[in-house]
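The values are calculated or read from the model by the stated rules, or taken from the named source; none is laboratory data. The structure presented is a predicted model; accordingly, all values stated were derived computationally and were not measured. As a convention, Cβ positions derive from the backbone with ideal geometry for all residues, glycine included, and neighbour counts pool all protein chains shown. These accessible areas exclude ligands, DNA and RNA; they are computed on the full protein's heavy atoms, side chains included. Shrake-Rupley method; radii C 1.70, N 1.55, O 1.52, S 1.80 Å.
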Amino acid sequence: MARSGQSCSTRAIEQQKLRIEVWTVLAAGILLWTCVVEPVVSQEPVDFVSIDCGGNGGKDPITQIDWVSDSGFLDSESQLVEEGVAIRANVSLDSARAASRDNAEQLKTAMVFVPGAMSKSKYCYNLTVSHNDRNSTDYLVRAMFPSSNLTAVGVDAVDVPLNVYGTRFYFTVDSTFVSTIDLDPRESTTVELVVSSLDESLYICLVPLEDRSSMPAISSLELRPLNGTLYSKRSSAQSNTGSTTKLQSSYLMTIARLNFGGDESSPAVRYPLDPYDRLWYAARIPAELKAEVAARRKLSKEQELVAMDADNDTPANVLNTAWEGVNMSSEISFSFDIKGALALRPVPTFFYTMMFLDVGPPPVDETETRLVDVLLEHTGPESYSRTQWISAAQVVHSLPHRWYNYKQLFYDESATFRVSANRNGTLPPMVNAAELYGEFDAVTQRTAHVDGK
């Protein structure tokens, strides 16, 4: 076993240019921290918060999650509505993407904050979270922003276009800047984070440009507890009292979460199949590699029961599919656009993880083994590097395993993972899932309370 390393509508991925591709080998590599393989812990979901911003809430027809309106969450909502600053708007989307069906009902409306004499420096949603003096709690925060094709819900059913305002603004969590949002004319935008609680309140804020001339807008806001997952292990330290305390030293920003072998025409795998309601998108096999890689290798009923009962936090519907090489010489590869990720938000380091479970036919005898090697390549305009990340890792039917790495440095424009069969095995390579996150420091000092000026 290796040693431990230190540690989306698809529009979010497309806008960040995080295209997942499978391409031919370029020699490349990079210095890695050490890494670890281990099963992870499952947990029942509790305390979901799902805000239908600008809408009336209700039960989602796909996930059966109960959504609520902004009331009770948006700071000073009554005052903002009375002053004509916060208004409800209808949204027009022009998307043929399967992932546009995620939160489709909530993306029909938005809460919009128009500029003017009464506009504020920021507009914040106040979410109650778990926290005490010794421990913080990890949460997934997912914000979905509408297209810029917005019309204010008017009196006597007359809607008023809002295209006279700029739609570029800032997105922050507590005192930490996350990203600049620029609404797309056709598609929605998703930003997803893993954060830790500072105290019993978590402020999710939309901040107009410095001259307050822009119009922030948001369609949905979701909060999902994540304790018990691998993400919760990313930072801990000693407090000044000498007791062990988990520190909020960093955030994780979702860049990609991939379901290899999933149905490319379907929406993401999420709740209730994923108890943490993460969005798992099916990775697309490029046409030029379909002769090398087979997808959607389903488990038999007997194997499926083993996978679903295993001690892990990856949903069974994700583990039950995989990309598999067609023969021993086949290579499975997928890449991340690091340059595109850094354009969304500068991040100093990355966290990535891969899941392995054999979903092929049961072995005929003990001589049949599936061993995989994984190379990581870096490609830049004038350079490339290459390193062996995993060597001769056994992929078995009975137990899913995760390999992960924190505090990874990526210096070049793209990073490509290449999964191949180890020469000491007898079966082709296989991989089930992968995740990539950007890591950046959180500002632990609170700024002034949400202003009303």
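Does Arg11 qualify as being of a type outside the set (A, V, I, L, M, F, W, C), open to solvent by 70 Å² or more (accessible area, probe 1.4 Å) and at pLDDT below 85?
On the way: of a type outside the set (A, V, I, L, M, F, W, C): yes; open to solvent by 70 Å² or more (accessible area, probe 1.4 Å): no; at pLDDT below 85: yes.
In short, no.
Of all residues in region 240-250, none are at pLDDT 90 or above and among the aliphatic types (A, V, I, L, M).
Restricting region 101-122 to residues that are among the aliphatic types (A, V, I, L, M) and in a loop (DSSP other than H, G, I, E, B), which is modelled with the highest pLDDT? Full working, then the answer.
Step one: filter region 101-122 for residues among the aliphatic types (A, V, I, L, M), giving 104, 107, 110-112, 114, 117-118.
Add one more test, that the residue is in a loop (DSSP other than H, G, I, E, B), and what stays is 104, 114, 117-118.
Details: Ala104: 85, Val114: 93, Ala117: 75, Met118: 84.
Restricting to residues being among the aliphatic types (A, V, I, L, M) and in a loop (DSSP other than H, G, I, E, B), the top hit is Val114.
So, of the residues in region 187-205 that are within 22 Å of Ala341 (Cβ to Cβ) and over 16 Å from the mean Cα position of the chain (by Cα), which turns out to be most open to solvent (accessible area, probe 1.4 Å)?
Restricting to residues being within 22 Å of Ala341 (Cβ to Cβ) and over 16 Å from the mean Cα position of the chain (by Cα), the top hit is Glu187.
When the residues of region 335-367 are filtered to those that are under 22 Å from Arg423 (Cβ atoms) and part of a strand (DSSP E or B), the one that is farthest from the chain's Cα centre (by Cα) is Phe356. Determine which member of the set Val372, Val347, Val359, Val443 is at pLDDT 95 or above and not aromatic (Phe, Trp, Tyr). Matching residue, one of Val372, Val347, Val359, Val443: Val372. For Tyr165, state whether it is at pLDDT 95 or above and open to solvent by 10 Å² or more (accessible area, probe 1.4 Å). It is false that Tyr165 is at pLDDT 95 or above and open to solvent by 10 Å² or more (accessible area, probe 1.4 Å).
Residues in region 74-87 that are open to solvent by 50 Å² or more (accessible area, probe 1.4 Å) and either of a type outside the set (D, E, K, R) or modelled with pLDDT of 95 or more (or both): Ser76, Ser78, Gln79, Val81.
I'd like to verify a number: residues in region 211-232 that are surrounded by fewer than 17 Cβ atoms within 10 Å (Cβ to Cβ) and modelled with pLDDT under 75, how many? Of the residues in region 211-232, 1 are surrounded by fewer than 17 Cβ atoms within 10 Å (Cβ to Cβ) and modelled with pLDDT under 75.
A count restricted to region 399-422 and to residues that are surrounded by fewer than 22 Cβ atoms within 10 Å (Cβ to Cβ), over 25 Å from Val347 (Cβ atoms) and modelled with pLDDT under 95 stands at 2. Of all residues in region 125-155, which are closer than 20 Å to Val173 by Cβ, buried (at least 23 other Cβ atoms within 10 Å of the Cβ) and more than 20 Å from the chain's Cα centre (by Cα)? The one that is closer than 20 Å to Val173 by Cβ, buried (at least 23 other Cβ atoms within 10 Å of the Cβ) and more than 20 Å from the chain's Cα centre (by Cα): Tyr125.
Taking the options Val431, Val364, name whichever one is open to solvent by 50 Å² or more (accessible area, probe 1.4 Å) and not charged (D, E, K, R). So that I can check it myself, show each step before the final result.
Working: Val431 fails: open to solvent by 50 Å² or more (accessible area, probe 1.4 Å).
That would be Val364, the only listed residue that is open to solvent by 50 Å² or more (accessible area, probe 1.4 Å) and not charged (D, E, K, R).
Results for (1) over 15 Å from Pro216 (Cβ atoms); (2) of a type in the set (Lys, Arg); (3) assigned to a strand (DSSP E or B), shown as yes or no for each residue.
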position	(1), (2), (3)
Thr151	yes, no, yes
Tyr170	no, no, yes
Glu187	yes, no, no
Glu192	yes, no, yes
Val195	yes, no, yes
Leu198	yes, no, no
Leu202	yes, no, yes
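If you filter region 115-124 down to residues that are open to solvent by 20 Å² or more (accessible area, probe 1.4 Å) and of a type outside the set (Gly, Ala, Ser), you find that the one that is nearest to the chain's Cα centre (by Cα) is Lys122. Any residue that is open to solvent by 50 Å² or more (accessible area, probe 1.4 Å), at pLDDT 90 or above and not in a strand (DSSP E or B) - is there at least one of those in region 312-326? The answer is yes, given that some residue of region 312-326 is open to solvent by 50 Å² or more (accessible area, probe 1.4 Å), at pLDDT 90 or above and not in a strand (DSSP E or B).
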